[in-house]
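The values are calculated or read from the model by the stated rules, or taken from the named source; none is laboratory data. Note that this is a predicted model, so its numbers are computed, not measured. In this analysis, Cβ positions are derived from the backbone assuming ideal geometry, glycine residues included, and neighbour counts consider all displayed protein chains.
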Amino acid sequence: MMPPSLQNGNLCYIVLSAVSIGAVFVLYLTFVPNSPTLCPPHYAQTPQYSGKRNETLSQLPAKPMLLLWFWPENFRFSLSDCKTLMDIDGCFLTDDRSLYSKADAVLVFHKSIKWDLSNLPTSPRPPAQRWIWFHVESPTNTLKIPGLENLFNLTLNYRLDADITVRYRLFVREHPEEKFVMPKKDKLLCWIVSNNNPSTGTGVRTKYYNELKKHIEVTLFGKAYGRFLNYEDYFPTIASCKFYLSFENSIHRDYITEKFNAPLAVGTIPVVLGPPRENYEVFAPGNSFIHVNDFPSAKELAEYLFRLDKDEELYGSYFQWRKHLEARRHFVLQKQEFIKPICSACKYIGNHNEYKAPTNIYKWYFS
């Protein structure tokens, strides 16, 4: 065992050495500013959603807060896009779940909900907070997840009787269009289709197409037929066709999607397959489209298209509506697919604060 005197001396020597080394290290960092960091900084983990907190609690603006609980299909966009792209600035939109208790409304994307509901909010729900059921698929492609029946106060959907309706509408022009300039047409009948899976309800349109193609050539595009279009080619391709098959994947009331809007926007006649003509005429003039139900068979539809192709005046009559109405191009990039519905929810929350009791969404949606 070392004598106490030597122990004390050794201890002093250790302390003095440590102090000296520390002093040298401080001088080194002071006079060698470009020296590498010996220990890398500890970076905080990336938050679950936007990558950073949108605002601190002390910075929250005096607007109703809409909390985006899920990014739909994980397609993310800048939360400022509602203002910059759609001129909607009625709410404070955030994806920061730590603000849950402060949110006036929570937007929940149906397809992201787990079957056991384990990824829904678990904290007590503030009494005045509204939950919005966000779903834009048809009933054919909707899973009935148990337990959602009476969770939601509001619905965000394509149907006209939804609380927040998301549609591609026609707009009244401020000034009548003097003359419609027809885009150059080098194809007769076109169809862009990415999905031909019969389990999603496509059987009706596939059957009709298989009969129609016996009587008229259809130029096909889309990954379902191995001819994927670049996004920038989507509208120009449709514009280059005299007619376009606006065939919905399943047939339900009000289920009329961008497949109908695109040809209207670019100067092409849509040939529609979906709900009855009367339903389409709620959204567009009856002389702006051709409905497959207007013809006893696909053969007679093809004969009518050939007739229109040869009769310039009759073909042009399908564009008379454009003098006073306007169809606008929709977003086509995948990451922009859900900008319109999310921003529409923001606008609604900014304009409405009335109470609404939770309802059975399935009883409403599947009726």
- Considering only the stretch 58-90, how many residues are closer than 20 Å to GLN129 by Cβ and modelled with pLDDT under 95? 6
- Item | Which numbered condition GLY226 misses (of (1) over 20 Å from the mean Cα position of the chain (by Cα); (2) crowded, with 21+ Cβ neighbours inside 10 Å) | (2)
- Task: State whether one or more residues within the stretch 169-189 are within 25 Å of the chain's Cα centre (by Cα) and part of a loop (DSSP other than H, G, I, E, B).
- Result: yes
- Within the stretch 236-256, is even one residue surrounded by fewer than 16 Cβ atoms within 10 Å (Cβ to Cβ), closer than 30 Å to LEU325 by Cα and acidic (Asp, Glu)? no
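Quick grid of which residues meet (1) touching a His at 6+ places or on another chain (Cβ under 9 Å); (2) without any contact (Cβ under 8 Å) to a residue 60 or more places away in the chain; (3) more than 29 Å from ALA298 (Cβ to Cβ); (4) surrounded by fewer than 16 Cβ atoms within 10 Å (Cβ to Cβ):
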position: LEU160; (1), (2), (3), (4): no, no, yes, yes
position: GLU174; (1), (2), (3), (4): no, yes, yes, yes
position: MET182; (1), (2), (3), (4): no, no, no, yes
position: ASN195; (1), (2), (3), (4): no, yes, no, yes
position: VAL218; (1), (2), (3), (4): no, yes, no, no
- Item | Where ILE290 falls short, out of the listed (1) in contact with an Asp or Glu (Cβ under 9 Å, 6 or more places away or on another chain); (2) modelled with pLDDT of 95 or more | (1)
- Taking the residues in the stretch 312-356 that are surrounded by 14 or more Cβ atoms within 10 Å (Cβ to Cβ) and of a type in the set (Phe, Trp, Tyr) as candidates, determine which candidate is farthest from SER78 (Cα to Cα). TYR315
- Within the stretch 117-132, identify whether any single residue is within 21 Å of the chain's Cα centre (by Cα), within 19 Å of TRP364 (Cβ to Cβ), charged (D, E, K, R) and in the same structural domain as ALA357 (by TED's automatic domain parsing), and answer yes or no. yes
